[in-house]
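Each remark here refers to the structure printed beneath this line.
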Amino acid sequence: NHRPDIYAYGYSKSWNELWDAHSAGVKWPGNYKLNRSSGGKDENNKELRDKIGSLPICRGDFIGVRSSFKGKKRYANPDYIRELRENFKKVDNRVPFVCGGLCGDCIPNGEHACGSEKFQGIPIIIGID
């Protein structure tokens, strides 16, 4: 709120803390976007997931998806991208955006999908072991 010239985004698995802050009246900055990270203890709590999704700061989900590919070179490998999409489709019907591995390189002009209004509600996926 004090730096409207800065646009920032982050990731969190601390959904209870975020909801508690909201309930306490925190004024969320308009220049911040939150990505709900997968893998937290409340990941399967649909009620809390929906509450966090209703916050004005929530861009959407950042989801780790099992992958057999390792290392930084995987991001440029079409087979890695195909595998991630296929594995994601087994558990979710949404069409995801695959993280390119380097922040600022995923979409034109150095913009970051994780902080972009253009990607509002679109799940962003990345490979995990």
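The values are calculated or read from the model by the stated rules, or taken from the named source; none is laboratory data. Predicted model, so just to flag it, every value in this text is computed and none were measured. Every residue, glycine as well, gets a Cβ built from its backbone with ideal geometry; the counts of neighbours run over all protein chains shown. Remember, those area values only see protein heavy atoms, side chains included, never the ligands or the DNA or RNA. Shrake-Rupley method; radii C 1.70, N 1.55, O 1.52, S 1.80 Å.
Sparse packing (at most 11 other Cβ atoms within 10 Å of the Cβ) combined with a DSSP loop state is found for the following trypsin sites (Lys or Arg not before Pro) in the range 38-77: Lys41, Lys70. Counting only protein heavy atoms and a probe of 1.4 Å, the accessible surface of the range 1-90 is 52% carbon and sulfur.
Exposed loop sites, defined as chymotrypsin sites (Phe, Trp or Tyr not before Pro) outside DSSP H, G, I, E and B with at most 16 other Cβ atoms within 10 Å, are absent from the longest region of the chain, namely 8-68. Among the listed pairs Lys27/Lys90; Lys27/Lys118; Lys46/Lys70; Lys27/Lys89; Lys41/Lys89; Lys13/Lys90, a Cα-Cα separation exceeding 28 Å is found for Lys27/Lys90; Lys46/Lys70; Lys27/Lys89.
Here the dipole of the range 25-66 is about 100 debye; that uses its Cα centre as origin and unit charges on the Cβ of Lys and Arg (positive) and Asp and Glu (negative). Per residue, the convex hull spanned by the Cα atoms of the range 49-91 measures out at 99 cubic angstrom. Along the axis of the charge dipole computed for the range 71-124 (Cβ charges of +1 for Lys and Arg, -1 for Asp and Glu, origin at the Cα centre), the listed residues Gly115, Tyr75, Cys103 are led at the positive end by Tyr75. Pairs of Cα atoms nearer than 8 Å and 6+ residues apart set the relative contact order; for the range 31-101 it is 28 percent.
Across q = 0.13, 0.17, 0.18 Å⁻¹, the chain modelled as identical point scatterers on its alpha-carbon atoms has Debye log10 I(q)/I(0) values of -0.57, -0.93, -1.03, in the order of the q list.
Each Lys and Arg Cβ is given +1 and each Asp and Glu Cβ -1; about its Cα centre, the chain then shows a dipole of about 260 debye.
Estimated from helices alone, the mean residue ellipticity of the chain at 222 nm is -6500 deg cm²/dmol (sum of -39500 (n - 2.57) over DSSP H runs with n ≥ 4, per residue). Is the shape of the range 71-114 best called rounded, prolate or oblate, per the rule: a/c under 1.5 gives rounded, else a/b larger than b/c gives prolate, else oblate, with a ≥ b ≥ c the square roots of the Cα gyration tensor eigenvalues? Oblate is the answer for the range 71-114, as a/c is 1.5 or above yet b/c matches or exceeds a/b.
Using a cutoff of 8 angstrom between alpha carbon atoms and counting only pairs six or more residues apart, the relative contact order for the chain works out to 27 percent. Calculated accessible area for the range 16-129 comes out at 60 Å² per residue, all protein chains present (probe 1.4 Å; ligands, DNA, RNA ignored).
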